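Student: This is the structure I have questions about; it appears just below.
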């Protein structure tokens, strides 16, 4: 599962069964129940690992959203017990918007770019 974690919305992507390709799945609000939604998807889709965008500023330092990402990683580790990997995410939302146009699924497309990047590294 790939995640583009934002302060208002969370983009989600899933890979195919062989773990070769990433596909946009959904965009959910970053609200009080988002973790339950993630939990349900992990269970329904038998997700074995999560790849989340490593949110850095232009100087390469963690930005404001990174604290929330760290809390999310802790929650996943404690509640779900599956590995979470950080993958650089700079400009993935812009790349997704350029590729698919800015729409309701842009954050899911950005999550797919993050996941695809991670899967490509695994192949090489």
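Taken together, the values in this text are just the output of simple stated rules run on the coordinates, not laboratory data. For clarity, every value in this text was computed on a predicted model and none was experimentally measured. Heads up, the Cβs are rebuilt from the backbone with ideal geometry, glycines too, and the neighbour counts pull from every protein chain shown.
Student: Can you pull the one-decimal nm distance between simple spin-label points at residue 57 and residue 44, each 7 Å off the Cα toward Cβ?
Tutor: Those two pseudo-labels are separated by 3.8 nm.
Student: Separate question: Quick check: from the Cα gyration tensor, does the stretch 2-123 come out rounded (a/c under 1.5), prolate or oblate?
Tutor: rounded
Student: Would you mind computing, in nm to one decimal, how far apart the modelled labels at residue 104 and residue 74 are, each placed 7 Å from Cα along Cα→Cβ?
Tutor: 3.5 nm
Student: Round to the nearest 0.05 the FRET efficiency obtained for residue 33 and residue 90 when R0 = 35 Å and r is the Cβ-Cβ distance.
Tutor: My answer for the efficiency is 0.75.
Student: Using the 10 angstrom Cβ neighbour count as an exposure proxy, how do 118, 91 rank, fewest first?
Tutor: 91, 118
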